[in-house]
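Q: A single structure is presented below for examination.
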Amino acid sequence: MPEPTATAEPDPSPTAESTAAPTRSPAAATYSLLFEITNSPDNLKSPGGIAVDSAGNLFVWDAGKSRLLKFDSAGGLLEAWDSQGSGDGEFNSLGFGGIAIDGDDNVFVVDNGNFRIQKFDSRGSYVAQWGTQGTGDGQFERAIGIAAGPDGSIYVTDDANPFVQKFDNDGNFISRWGGKGTGDGQFLHATGIAADAAGNIYVAEYEGRRVQKFDADGGFLLSWQIGGDVLGTPEGLAVDDQGNLYITDYRLAQVEVYTPEGEFLTRFGERGTGDLQFQAPVAVAIDSTGDVYISDQKNDNVQKVAWEQ
């Protein structure tokens, strides 16, 4: 009986898994210092909030000198908005305050000594302001953090008034949520705030030592504590293009990275005054390439950190 003729097997087609570019994971990254900003040309003093625009320019709230500084991506100073007072475009700082940049590169600055938020366009021209002193809707006692949602909504935390307030892009009050306490949706010293691409809102609690996640309307989703075996103190928040959350840990002098579900990925930094060392990291920002900026209130600097697999 004749042997059956063998039929050649076709070469297997490559799968999407074998051809797709690997997704970078912060958990497997190596972190290194790119540069440090300490002067502009005069020294920074207690820098607070930081934010990056679509062109990669860095904005720094230099709280100790009540001014807003703009740097290029290489750390060169471009502009200084340093008029002090209570007029349009002037600042009066009570200390740490946030910066947010929306999808049109409008810049929103927490001017907490004047109990208001100020809005500037991408060229630095004054646009609008809102807020007065008080605890009512649209009022502030000590505004701290600010974030811009993907739809242009603006969210503000206030560590002396335990609510998150939501405004439209022109500063019209929309809603608020919170209240003092340790329950879901309540706050003890809310500080940093960030929004992801889906519109979810993350809020850091300095005294509560946790991060809470909400939907765009303030509906509670989940919470988690940071730091691991030794509880940390969250201060600044930023979300990368994969939705991972970067948190400056004020107490443990490091930056920690979590998934959107609160799963720990990695940490970097230690206490000190050298490269990738911090004493009081209060804010974090991420640019379009994934590089990370950290402002340090006690080291009076901003470090730019790269990471690679």
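The values are calculated or read from the model by the stated rules, or taken from the named source; none is laboratory data. Here the structure is a predicted model, which is why all the values come from computation and not from measurement. Neighbour counts are summed over all protein chains in view; Cβ atoms, including those assigned to glycine, are modelled from backbone coordinates with ideal geometry. Surface accessibility is based on the protein's heavy atoms, side chains included, excluding ligands, DNA and RNA. Shrake-Rupley method; radii C 1.70, N 1.55, O 1.52, S 1.80 Å.
Q: If one puts a single equal scatterer on every Cα of the chain and applies the Debye formula without solvent, what log₁₀ I(q)/I(0) results at q = 0.06 Å⁻¹?
A: Ignoring solvent entirely, the Cα scatterers give -0.21.
Q: Something else now. Suppose every Lys and Arg Cβ carries +1 and every Asp and Glu Cβ carries -1, with no other charges. What dipole size does the chain come out with about its Cα centre, to the nearest 20 debye?
A: About 1120 debye.
Q: Once R0 is set to 51 Å, what does the formula 1/(1 + (r/R0)^6) return for the Cβ-Cβ distance between residue 42 and residue 184, expressed as a FRET efficiency to the nearest 0.05?
A: Given R0 = 51 Å and the Cβ-Cβ separation, E is 0.70.
Q: Let me ask something else about it. Which whole-number percent gives the relative contact order of the chain, counting Cα pairs below 8 Å spaced six or more residues apart?
A: For the chain, the relative contact order is 15 percent.
Q: Let me ask something else. At a Förster distance of 25 Å, what's the computed FRET efficiency of residue 31 paired with residue 221, Cβ-Cβ distance as r, to 0.05? Intermediate results must be reported in sequence, preceding the final value.
A: On the way: r = 29 Å, r/R0 = 1.15.
Here the calculated transfer efficiency is 0.30.
Q: State the percentage of accessible surface on the chain attributable to carbon and sulfur atoms; use a 1.4 Å probe and exclude ligands, DNA and RNA. Show your work: numbers first, answer last.
A: On the way: 5990 of 13330 Å².
C and S fraction of accessible area: 45 percent.
Q: Comparing 143, 198, 100, which has the greatest mean-square fluctuation in the GNM of the chain with Cα pairs linked when under 10 Å apart?
A: Between 143, 198, 100, it is 198 that shows the largest mean-square fluctuation.
Q: So if I place +1 on the C-beta of Lys and Arg and -1 on the C-beta of Asp and Glu, and nothing else carries charge, what would the dipole magnitude of the stretch 176-292 be about its Cα centre? I want it in debye, nearest 20. Display every interim value, and only then the final one.
A: Numbers: 8 positive and 18 negative charges, 100 e Å.
Magnitude of the dipole: close to 480 debye.
Q: Continuing with the same structure: Would you rank 167, 96 by solvent-accessible area, highest first, keeping every protein chain in place and using a 1.4 Å probe?
A: Solvent-accessible surface, decreasing: 96, 167.
Q: Suppose the Debye formula is applied to equal point scatterers at every Cα of the stretch 24-139; what is log10 I(q)/I(0) at q = 0.09, 0.10, 0.20 Å⁻¹?
A: Cα-only, vacuum Debye calculation for the stretch 24-139: -0.26, -0.32, -1.08.
Q: Let me ask you something else. Rounded to the nearest angstrom and ordered from largest down, what semi-axes does the equivalent ellipsoid of the stretch 149-241 get from its C-alpha gyration tensor (root of 5λ)?
A: Semi-axes, largest first: 21, 15, 11 Å.
Q: Right, next: How big is D for the stretch 89-195, in µm² s⁻¹ as a whole number, if Stokes-Einstein is applied with the Kirkwood radius of its Cα pairs at 4 °C and 1.567 mPa s?
A: Stokes-Einstein gives a translational diffusion coefficient of 96 µm²/s.
Q: Now, a different point. So what is the orientation-averaged projected area of the stretch 187-309, using the convex hull of its C-alpha atoms, in nm²?
A: Taking a quarter of the hull surface, the average projection is 7.2 nm².
Q: If the reach is capped at under 29 angstrom between alpha carbons, list the lysines near residue 65, excluding any in the same chain fewer than eight residues apart.
A: Answer for residue 65, where 29 Å is the Cα cut-off: 45, 119, 166, 298, 304, listed by chain and number.
Q: May I ask you to give the solvent-accessible area per residue for the chain, in square angstrom, as obtained with a 1.4 angstrom probe?
A: Counting only protein heavy atoms, the per-residue value for the chain is 43 Å².
Q: Let me ask something else about it. Sort 233-240, 71-78 for me by packing, meaning the mean count of neighbouring Cβ atoms within 10 Å per residue, highest on top.
A: 233-240, 71-78
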